[in-house]
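Notes for the one structure printed next.
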Amino acid sequence: MTPEDILEQPAQVLSQSQREQYFADGFLTIPNAIPAEWLGQLRTLSKQFLDSSRKFAASDNVFDLGPAHSLDTPHVRRLKALVDRHPDFWAFASNSPLTDIAADLLGPNVKFHSSKLNYKSPGGGEVVKWHQDISAWPHTNYSLVTLGVHLDDVAYDDGPLSCVPGSHNEELFVQRDAENRWTGSIKDEDLAGVGLDCAVDMNGGAGSVIAIHCRTVHGSRANLTNNIRALPLFVFASADAFAWMPAPSPTTKTGQIVRGEPAPFAHLDPRPCPVPPNWAEEGYGSIFTAQKK
Ligand SMILES: O=C(O)CCC(=O)C(=O)O
């Protein structure tokens, strides 16, 4: 769906001006969006998984572990395919206030794409370089959004995401190095024209939701605190957006309709999108492993 078509649909939880701001800037922070019961359960699950990671020594299809990981001090970078880790993660993605927000930004027919929980450890944590998400999972159009939930208050020191306003309406960059290897990040020479000095930190209180358009240039700051910043992220698409390459981190729920009906036609956006590696053949670790290469 186009932004104009989406904005014509009645909103469920967002105001019309919040939706307009999302389409103008390419991102939005929604304060107090998640009720306390859901927030409590997400926090509990996040801590349980972090704790259960202690017994693992190497990354697998559940945990992406950092180099400092140990029994005493878990260093998890990512809990993968969240909706397959616990039924409540899927309930949250498919039938909660989060799903209502997705429908307000994507239209009445919404398809689930993927999910993960990123942990940012003290001592810097995973600084994520500037990138655009859609280049890793291209679709027939650009009506996809990532929704993140702040489990705790997030300010500058906690390592918030940072987004460049209006960058979703500009070009998509090739996220590969000179040898054509996938880097998951935008080259320095391309960044020069992006307007990084205008980037906005997505700070917010516990229970706020951050929405990032799939074309928006964004990155993520260092964690300067002694706390682990945990951020569950869920990606949704308009039902008429169809993936044309294998998903990097598919889940058992990828492609399921969570609001409305499946689309009888694909919507084709003519703006070009670079071709990512074929993840089904090459495998995908995480953005952290790709950016560290
Ligand atoms: O976890 C973060 O702070 C950033 C995550 C991100 O940008 C991504 O996973 O695409």
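log₁₀ I(q)/I(0) of region 123-275 at q = 0.09, 0.11, 0.14, 0.17 Å⁻¹, via Debye over equal Cα point scatterers, no solvent, to two decimals?
Rounded to two decimals, the profile gives -0.31, -0.47, -0.77, -1.09.
Let me have the relative contact order for region 128-225, percent, based on Cα pairs under 8 Å that are six or more residues apart. Walk me through the numbers on the way to the answer.
Details: 181 pairs, mean separation 52.6, N = 98.
Rounded, it is 54 percent for region 128-225.
Tally up the carbon and sulfur contribution to the accessible surface of region 3-292 as a whole percent, 1.4 Å probe, everything protein left in place. Let's see the in-between values first.
On the way: 6420 of 12310 Å².
Ligands and nucleic acids excluded, carbon and sulfur give 52 percent.
Using alpha carbons only, how many angstrom separate the centre of region 50-94 from the centre of region 106-120?
The distance from the Cα centre of region 50-94 to that of region 106-120 comes to 18 Å.
Could you pull the Cα extents of region 173-229 along its three principal axes, largest to smallest, in whole Å?
Result for region 173-229: principal-axis Cα extents of 41, 24, 20 Å.
All other residues with a Cβ under 10 Å from the Cβ of A102 taken together, and with Lys, Arg as +1 and Asp, Glu as -1, what is their net charge?
On the way: positive: K111, R259; negative: D100, D104.
That works out to 0.
Using square roots of five times the C-alpha gyration tensor eigenvalues, list the equivalent-ellipsoid semi-axes of region 1-116 in whole Å, biggest first. The partial results should precede the final answer.
Working: eigenvalues 228, 42, 34 Å².
So the three semi-axes of region 1-116 are 34, 14, 13 Å.
With no solvent and one equal point scatterer per Cα, compute the Debye intensity ratio I(q)/I(0) for region 115-192 at 0.22, 0.23, 0.26 Å⁻¹ and report its log10, rounded to two decimals.
-1.30, -1.35, -1.43
Quote the Stokes-Einstein diffusion coefficient, in whole µm² s⁻¹, for the chain, based on the Kirkwood radius over alpha carbon pairs, a temperature of 37 °C and a viscosity of 0.692 mPa s.
On the way: Rh = 19.1 Å.
Translational diffusion coefficient: 172 µm²/s.
Relative contact order for the chain: what is it in percent, counting Cα pairs under 8 Å that are at least 6 residues apart?
On the way: 641 pairs, mean separation 84.6, N = 293.
Normalised by residue count, the contact order of the chain is 29 percent.
Could you work out the pair-distance distribution P(r) of region 240-293 from its alpha-carbon pairs, with 10 angstrom bin width and percents rounded to whole numbers?
Histogram of Cα-Cα distances, whole percents per bin: 18, 41, 33, 8, 0.
What order, most packed first, do the peptides 114-123, 26-35 have when packing is the mean number of other Cβ atoms within 10 Å of each residue? Mind dumping the intermediate values first?
Details: 114-123: 22.2, 26-35: 19.7.
Descending mean neighbour count gives 114-123, 26-35.
For region 196-274, what is the largest minus smallest coordinate of the Cα atoms on each principal axis, given in angstrom and ordered from greatest to least?
Principal extents (largest minus smallest coordinate, Cα): 48, 30, 22 Å.
In Å², and per residue, what accessible area does region 3-292 have when probed at 1.4 Å with the other protein chains present? Mind dumping the intermediate values first?
Numbers: 12310 Å² over 290 residues.
Accessible area per residue: 42 Å².
Take the Cα atoms of region 48-156, find their three principal axes, and give me the spread along each one in whole Å, biggest first.
Projected onto the principal axes, the Cα atoms of region 48-156 cover 46, 32, 28 Å.
Find how much the distance from T225 to D157 grows on full extension, using 0.36 nm per residue of separation minus their present alpha carbon separation; answer in nm with one decimal. Mind dumping the intermediate values first?
Working: separation 68, 0.36 × 68 = 24.48 nm, distance 0.61 nm.
23.9 nm is the gain from fully extending T225 to D157.
I want the local charge near P165. Using Cβ-Cβ distances under 14 Å, sum +1 for each Lys or Arg and -1 for each Asp or Glu among the other residues.
Within the 14 Å Cβ shell, the charges total -4.
The values are calculated or read from the model by the stated rules, or taken from the named source; none is laboratory data. Everything numeric in this text was worked out from a predicted model, so none of it was measured. Here the Cβ is made from the backbone with ideal geometry for all residues, glycine too, and neighbour counts use every protein chain on show. Please note that ligands, DNA and RNA were not included when accessible areas were found on the heavy atoms of the full protein model with its side chains. Shrake-Rupley method; radii C 1.70, N 1.55, O 1.52, S 1.80 Å.
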